[in-house]
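Here's the structure we're looking at; comments come further down.
The values are calculated or read from the model by the stated rules, or taken from the named source; none is laboratory data. Only a predicted model underlies this, so the values are computations on that prediction, with no experimental measurement involved. Cβ coordinates were reconstructed from backbone atoms using ideal geometry, including for glycine residues, and neighbour counts include every protein chain displayed.
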Amino acid sequence: MNKLISIALAAVFAGAGLSGCAMGGMKGGMAMKGGMDMKMMDTNNDAMISRAEFMKHHEAMYDKMKMDSSGMVSVKDMQMMMHDMMMKK
């Protein structure tokens, strides 16, 4: 499952033109380019993102995505979801 999430995230970032996880300034919490707020991943509010916090957040995101009958998410659907998320910020 972790490998699948990693592949899916790589596809999202590549499709959105983010080329990795370029980090913004620290003021008001860390933020990724594209407006994704990393503070929401920090569930214990220690200003650090553990592997467990990161994976739990992204697994929950994946579970909310539109999947086909085999449980796969198309790159097109993932790109549309990321676009919609960036437009809401």
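The table that follows gives values for the structure above.
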{"item": "When residues of segment 34-46 are limited to those that are on the phi > 0 side of the Ramachandran plot and at pLDDT below 90, the one surrounded by the most Cβ atoms within 10 Å (Cβ to Cβ)", "result": "Gly34"}
{"item": "Qualifying positions in segment 65-86 - in contact with a helix residue (DSSP H, G or I) (Cβ under 6 Å, 6 or more places away or on another chain) and of a type in the set (Lys, Arg)", "result": "Lys66"}
{"item": "Every residue from segment 43-60 that is among the charged types (D, E, K, R) and without any contact (Cβ under 8 Å) to a residue 12 or more places away in the chain", "result": "Asp46, Arg51"}
{"item": "Selection count where residues are in a loop (DSSP other than H, G, I, E, B) and either surrounded by 11 or more Cβ atoms within 10 Å (Cβ to Cβ) or not acidic (Asp, Glu) (or both), scope segment 51-79", "result": "10"}
{"item": "Matching residues in segment 57-89 - criterion: being farther than 20 Å from Met38 by Cα and at pLDDT below 85", "result": "none"}
{"item": "Residue check, Asp77 charged (D, E, K, R) and touching a Ser or Thr at 6+ places or on another chain (Cβ under 9 Å)", "result": "no"}
